[in-house]
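Down below is the structure, laid out as structure tokens.
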Ligand SMILES: Cc1cc2nc3c(=O)[nH]c(=O)nc-3n(C[C@H](O)[C@H](O)[C@H](O)COP(=O)(O)OP(=O)(O)OC[C@H]3O[C@@H](n4cnc5c(N)ncnc54)[C@H](O)[C@@H]3O)c2cc1C
């Protein structure tokens, strides 16, 4: 029976001809070989948390939900080989049980490791690259079912392409991850003005392992979030936790958002109310538990990477634009900071980076707002997050990445029949 598939954000829904759940690497190879022989297409899904049209297909959809867990661990080198379908939450638990952890993570843990890595998912912290910089090696199954093992020293060209590859080169069956000894993080959030925050930006980034902030549109309020290593474990105060959950993350914020959806003219006041209710406080726990937050209120999102030196002028122009255009938005903008890398089509390729993300409550119009921001961020050298909404064309990607042509060449070699392409990927790689 055919089944409709929806993404988390609810902006994508499609009905593949079949969904396959391979349980081993050999089964992944078999599915690819069969599809190749029958000239059918394949798309591969992680947890469906991307907003861009990466996974839709009317042909075969592969899920690795039944291919999760650790394959092997090299204790001295702290290298851990994991099945590509492993969800981040499970990965965190498994690593912790071996006294290990990821050096950095994004702000949720429901993605599959392959899904997160393939779109360049990142956290925050100027000493850390996107999560894909934590890959030591990987195994890729190409369009004809061939297995390619690659790393910095083996098949390097393919490795640099496969570290972030949108599932366009083939299916990654496993990753070897560079891990670190398990550690605790202390999380602190504060409320301050945007001006103060921008003034202290450099110090915040220099003095803390992880720094980010949320700016509430139509206000001068930001919530800063800082995370640093600690020995102590001081779980979140239960009352504070409840307050945070109720005010910021679900109940009240959902009600406020629903009200705003019906009365968009109220957006400005909803943002002010959210800014007023910003939670402050601190707690500490295992790193994997501190990184992960719960997102119950659904939204649509865009996010761009810009060179870090352009961050302040860009955020100021965005602030002015939202005010001048009286944009009806009450979700805060999230600002994060990431180290440069050398991954072929990474948004952080060759530059110390800042990321600016904008959100709109599910069901509220977002296109005009996102386009205004995209145009601003493009001027500042913006490169979109591959999993988040953007209108970049093949030409835009070619302009933003000197390596776009090289990536395409590798893609075409590994998948000459284009079995891993859907309409969206054909568009951004300009393949007929
Ligand atoms: C609530 C929420 C919070 C988020 N927070 C962050 C954040 O903090 N930082 C950030 O950078 N992003 C964030 N994102 C974006 C998210 O991390 C990315 O969109 C990520 O790609 C989603 O992972 P997924 O497992 O759902 O993959 P999917 O969206 O299902 O797939 C993503 C891509 O991975 C490919 N893929 C999946 N498995 C394989 C495989 N085995 N081999 C090859 N290709 C494969 C797919 O084909 C697709 O191209 C967030 C998204 C949501 C909805």
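Rounded to whole Å and ordered largest first, report the semi-axes of the equivalent ellipsoid of the stretch 184-384 derived from its Cα gyration tensor (root of 5λ). Each step should come with its number before you reach the end.
Values: eigenvalues 125, 116, 44 Å².
Three semi-axes, in Å: 25, 24, 15.
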Could you sort the peptides 124-137, 24-37, 144-157 by per-residue average Cβ neighbour count (10 Å cutoff), highest mean leading? 124-137, 24-37, 144-157
Based on the mean of other beta carbon atoms within 10 Å per residue, what is the order of 10-17, 251-258, 80-87, most packed first? 80-87, 251-258, 10-17
The chain: angle of helix 311-324 to the longest principal axis, Cα-based, in degrees nearest 10: 60 degrees
Ellipsoid semi-axes in whole angstrom, largest first, where each is sqrt(5λ) of the Cα gyration tensor of the stretch 70-181: 21, 15, 14
What is the pair-distance distribution P(r) of the stretch 324-432, computed from all Cα-Cα distances in 10 Å bins starting at 0, with each bin given as a whole percent? 12, 39, 31, 16, 2
In whole Å, largest first, the alpha carbons of the stretch 5-63 cover along the principal axes 33, 22, 15
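Per residue of the chain, what 222 nm ellipticity follows from adding -39500 (n - 2.57) for every DSSP H run with n ≥ 4, rounded to the nearest 500? Could the numbers behind the result be given before it?
Values: 15 runs with 134 residues, N = 432.
Per the formula, -8500 deg cm²/dmol.
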I'd like the distance separating the alpha-carbon centroids of the stretch 97-148 and the stretch 359-391, in whole Å. 24 Å
Expected-Rg normalisation [2.2 N^0.38 Å, Cα atoms] applied to the chain: 0.96
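Read-outs throughout are calculated quantities, based only on the coordinates presented, and are distinct from any laboratory measurement. Source: prediction; values computed, not measured. For neighbour counting, all protein chains shown are included, and Cβ atoms are generated from backbone atoms with ideal geometry for every residue, glycine included.
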